[in-house]
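In what follows, a single structure is set out as structure tokens and then discussed.
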Amino acid sequence: MDVSTSRSLYLRYMPTPVCERALQLSVFFLLLTSLLTACVTDRSDAGGDDLPDTSTDWSRDILHTSLNIDLETMTGIADLVLSGSLLSSAASFEIGDLTIINVVSDGDQLKFNAKLGQLDVGIPLSVGPQTITIEYYLNLHHNFDGILDSGVTFTWPYYCGNIFPCKSQPAEGSGFELVVSGIPDGDISIYPELITADAPSYMLAWAVGDYDYSMLGITANGTEVGVYYFPDEAEKALNGTRYLRDVFDWYEQTYGDYLFGEKVASVSVKWPAGGFGGLEHHPFWHIAGESLNNPVVHAHEASHGWFGNGVRIGCWEDFVLSEGIASYLAARALNEVAGEEYGNQIWQSYENRLDLLQNSNENKIAWPEGCNEIDILEDGLYGAAPYMKGAFFFKHLEYKLGKEVLDRLLRNFFSVNSGHAVNMQMLITAIKEGSTYDPTACAQAWLRMESIVDTDACIY
Ligand SMILES: [Zn+2]
């Protein structure tokens with residue numbers, strides 16, 4: 001994630017009453033919703049008496065999410081594979097402003113209750129995994145919070161519920177399948193058809209447009225690396241991705257095999273005004289048109305295939321483990337493949353961003369205490385502190401350990417934890433136990449505190 005927008009554009013999700021939304025939908029949809037009482041979908045009396053009643057259970061693990069989205073009718077069908085349970089007969093999901101039509105499993109219509117952005121489903125007890133099928137209607141969104149008018153999705157950090165029943169907490173990992181139909185004539189859709197490794201909900205995305213594609217090359221591991229761009233963007237797309245094949249190859253060779261497919265690409269997207277940077281929607285990560293010319297943004301988003309997605313964060317407070325390391329890796333990889341002069345330029349630009357942070361009123365703590373106690377947008381963690389202070393923390397580790405040892409430790413950490421959620425403390429412990437250097441003092445002074453110029457514990 002390296003999207004920067006006018007902060008005012010980020011409004012925290014406020015569940016919109018289904019009745020209000022219903023007014024905006026098609027006649028057919030109105031007919032349907034008019035049958036529902038109080039504009040809340042309550043099928044808690046559906047199905048046979050032997051099926052469980054609805055209740056709330058946020059702990060049920062989503063193992064796999066298979067989506068079939070029709071953009072012409074704005075309908076979705078979600079097949080969710082849930083872990084089995086002999087203790088709980090319920091599962092709950094975030095559904096934003098989706099309108100739920102039906103929930104079915106094994107031919108039975110399950111009891112469900114959908115209101116205020118939450119779907120509760122009664123699930124029969126089972127030892128093995130259960131698949132439930134949820135049919136629903138979707139809405140377009142305009143504020144970096146769902147399917148945007150320009151044909152691109154935006155789910156980060158917690159807007160997946162406006163597109164599919166999900167859990168947005170970063171530790172929740174799922175495999176994904178996706179089919180997007182109803183594409184306008186002349187456009188193509190870009191999305192992964194299958195992701196087998198567990199990934200956070202905000203990783204899944206699509207983009208629709210009249211894209212051109214350029215293949216940039218094949219890595220030593222056989223991964224095709226390319227770029228999708230709009231017809232008038234060829235020059236800046238190809239300039240911005242001139243190192244991308246080599247950068248991706250360097251990540252694969254240095255940190256381990258890529259988890260999310262055999263073809264990857266940067267995808268130019270048209271975000272609302274004020275949006276620039278990128279979003280880590282692997283394997284086809286999104287780059288705002290404003291940033292398409294910048295190799296650092298492409299390298300940053302590509303690195304999230306290893307840290308942020310491949311290994312995902314356990315709590316929003318661990319954001320530095322995704323963004324600090326991605327900022328470091330973009331500079332490091334470009335230093336390796338494009339030369340030290342370019343690497344130094346990138347670090348100088350990071351220094352400048354630290355200076356701006358120092359002289360601002362923004363949050364300066366990169367790694368707050370707690371787990372999912374903050375709202376990452378409202379409470380200011382989404383800002384320069386985790387990105388830039390995080391990058392310099394890893395540069396400090398490079399200085400203390402040497403590149404070879406740091407790379408070995410990161411490779412091991414990725415190998416052990418890929419497909420899983422981790423906390424920043426786990427990485428610090430892994431470095432302490434895998435080397436002769438204990439980074440605790442630097443992490444405390446630099447990441448946990450507001451200090452920016454006092455780097456005695458964190459020289460690089
Ligand atoms: Zn990022």
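The values are calculated or read from the model by the stated rules, or taken from the named source; none is laboratory data. None of these values were measured; they are calculated from a predicted model. Every residue, glycine among them, receives a Cβ derived from its backbone with ideal geometry; neighbour counts consider all protein chains shown. What goes into the accessible areas is simple: the full protein's heavy atoms, side chains included, and nothing from ligands, DNA or RNA. Shrake-Rupley method; radii C 1.70, N 1.55, O 1.52, S 1.80 Å.
Quick notes
- Long-range neighbours under 6 Å by Cβ, at least six apart or interchain, first residue farther than 14 Å from LEU216 by Cα within region 229-257, second open to solvent by 20 Å² or more (accessible area, probe 1.4 Å) and among the hydroxyl-bearing types (Ser, Thr, Tyr): GLU252/TYR258; GLY256/SER415
- Scan region 207-261 for residues that are within 18 Å of ALA288 (Cβ to Cβ) and among the aliphatic types (A, V, I, L, M) and the total you get is 7.
- With a requirement of 3 or more residues that are within 16 Å of the ligand (Cβ to nearest atom) and not hydroxyl-bearing (Ser, Thr, Tyr), the helices (runs of 4 or more DSSP H) lying completely within region 357-460 that satisfy it span 390-401.
- Members of region 202-223 found to be of a type outside the set (Phe, Trp, Tyr), in contact (Cβ under 8 Å) with a residue 40 or more places away in the chain and in contact with a helix residue (DSSP H, G or I) (Cβ under 9 Å, 6 or more places away or on another chain), listed by number: LEU204, THR223
- Near pairs, Cβ below 8 angstrom, 6+ apart or cross-chain, from region 297-310 (in a loop (DSSP other than H, G, I, E, B)) to any residue that is of a type in the set (Asp, Glu): HIS304/GLU280; GLY305/GLU280; GLY308/GLU280; GLY308/GLU323; ASN309/GLU280
- Filtering region 432-460 to residues that are hydrophobic (A, V, I, L, M, F, W, C), open to solvent by 40 Å² or more (accessible area, probe 1.4 Å) and under 29 Å from the mean Cα position of the chain (by Cα) leaves only MET449.
- For region 130-146, the candidate set comprises residues that are touching a residue at least 24 places away in the same chain (Cβ under 8 Å) and closer than 21 Å to MET203 by Cβ; within that set, the residue that is surrounded by the fewest Cβ atoms within 10 Å (Cβ to Cβ) is ASN143.
- Residues in region 405-421 include at least one that is in contact with a strand residue (DSSP E or B) (Cβ under 8 Å, 6 or more places away or on another chain), assigned by TED's automatic domain parsing to the domain that holds TYR460 and farther than 20 Å from THR254 by Cα.
- Some residue of region 228-239 being open to solvent by less than 40 Å² (accessible area, probe 1.4 Å) and among the basic types (Lys, Arg): no
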